[in-house]
Amino acid sequence: MAAAIAARLKNLRVTVIDPRQPPIDKPCGEGLLPEAVAALRSLGVEIDSSVAAPFAGFRFSDEHSSASARIPRGKAFGLRRTALHQLLIDRATELGVSLLWGSRLSSFDSHNVAVDGHLFPCKWIVGADGQNSNVRQSARLGSARYRPSRFGFRLHYAVAPWTDLVEVHWGKKSQMIVTPTAANEICISLFSYDSHLRMGRALDQFPEVARRLGAACPVSTEVGAITSLGRARAVARGNVALVGDASCMVDAVSGQGLSLAFQQALHLAEALAREDLALYESAHRRLTQNAMRMTRLLLLMNASPVLRRKVLRLFASRPAFFAKMISIHTGSSESDALDAAQIVNLGWRVLFA
């Protein structure tokens, strides 16, 4: 939807083909970082406290340490995925995007796409069809290279957020993330390599979250999905481009999936308007580089309890350093980036934490 809106804003005629019916849900942490909020504003979709729950920063914790930091610039919000999708649908409809719900793409070539037995002429084809992208496969853009996948589950509870921070709790090889999504609702996301672990049993590993929930009732059905870290071998070929999870997927613990997708959509639209997908390829590499590095760090903390304790102890003892990491993570400044020297420096600090 974001790619369609961005292309339409460049005066391109756009048709969206989707076999599902809206509003479309997807298991998601439902947090929108400042970069996502800014990108949505560029698309003409305003996110504020009238439609979403604001949050001011992050808290990382395990059974030994806790570190908190505020987001230095920009605004961040929690918003149910279905509500976000409806806002995008409304904006696309307003701009005149043609929406073919319940339709399926069967094949395409350099000039046409076949949809439910009918041919549609086209100049560009954008694959925004997720991690297992059929467009990527058909365009021979190569299988995505992903690290071992994890399982993510999401459930909403009817309870007022107890903090204005997104909380990331580490347990035994799993994480639980608490995000405010409304004045009287939170979203809890669980990530684990155990496909059989569910929220009820997992809460035993996170006593602080369980205590906060008390007798609060779930107000949604627990749903799950696979989450990975990796990218396609290429994001463009001929007149075909990939955007969102079809092009690159960061493990959901990073919270950056939507931010990346919306920014990619804006850059892709600019490249389509200029008829030069090389511009998009370059922008895509730049956008995903830092997200990949930050996500690898978070996954490394998950893989090694000893390392995680050291990292969290370092963050707790040096709040300014943790604040810098959060600033990088949220893209609060275009000059913020996690380069190789900073990674080495972090490694030395952790060794002596």
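Miscellaneous remarks
- Test: residue in the range 119-129 that is surrounded by fewer than 19 Cβ atoms within 10 Å (Cβ to Cβ) and charged (D, E, K, R): yes
- The residue that is nearest to D245 (Cα to Cα), counting only those in the range 24-54 that are assigned to a loop (DSSP other than H, G, I, E, B) and β-branched (V, I, T), is I24.
- Just so you know, in the range 55-66 the residues that are more than 14 Å from F315 (Cα to Cα) and within 17 Å of the chain's Cα centre (by Cα) include one that is surrounded by the most Cβ atoms within 10 Å (Cβ to Cβ), and it is F55.
- Of all residue pairs spaced 6 or more apart or on separate chains, those with beta-carbon atoms under 7 Å, a first member in the range 155-175 that is over 16 Å from L79 (Cα atoms) and in contact (Cβ under 8 Å) with a residue 24 or more places away in the chain and a second member that is outside any strand (DSSP E or B) and small (G, A, S) are S174/A202.
- Flag if E30 is touching a strand residue (DSSP E or B) at 6+ places or on another chain (Cβ under 9 Å), surrounded by 17 or more Cβ atoms within 10 Å (Cβ to Cβ) and within 30 Å of V306 (Cα to Cα): yes
- Residues of the range 55-81 that are in contact with a strand residue (DSSP E or B) (Cβ under 7 Å, 6 or more places away or on another chain) and either in a helix (DSSP H, G or I) or under 19 Å from F262 (Cα atoms) (or both): K75, A76, F77, G78, L79, R80.
- Selection status of A291, in a helix (DSSP H, G or I), in contact (Cβ under 8 Å) with a residue 12 or more places away in the chain, within 24 Å of T227 (Cα to Cα) and touching a His at 6+ places or on another chain (Cβ under 6 Å): no
- Set A69, A56: member being of a type outside the set (S, T, Y) and either out of contact with any helix residue (DSSP H, G or I) (no Cβ under 9 Å at 6 or more places or on another chain) or more than 30 Å from L229 (Cβ to Cβ) (or both): A56
- Any hit, the range 241-257, residues being at positive phi, in contact (Cβ under 8 Å) with a residue 60 or more places away in the chain and under 15 Å from the mean Cα position of the chain (by Cα): yes
- When the range 296-324 is filtered for residues that are aliphatic (A, V, I, L, M), free of Cβ contacts under 8 Å to residues at least 24 places away in the same chain and over 20 Å from G57 (Cα atoms), the ones remaining, listed by number, are L300, V306.
So that you can scan it fast, the table gives a plain yes or no per residue for (1) of a type in the set (V, I, T); (2) over 20 Å from the mean Cα position of the chain (by Cα):
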| residue | (1), (2) |
| --- | --- |
| M1 | no, no |
| I5 | yes, no |
| L9 | no, yes |
| C28 | no, no |
| V37 | yes, no |
| S42 | no, no |
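- When L190, L203 are checked against the criterion of being closer than 20 Å to R308 by Cα, among the aliphatic types (A, V, I, L, M), under 15 Å from the mean Cα position of the chain (by Cα) and not in a loop (DSSP other than H, G, I, E, B), L190 stands alone in meeting it.
Laboratory data are not the source of any read-out in this text; all were calculated from the coordinates shown. The structure displayed is predicted, hence computed values, not measured ones. When we count neighbours, we look across all protein chains shown, and the Cβ atoms used for this are built from the backbone with ideal geometry, even at glycine.
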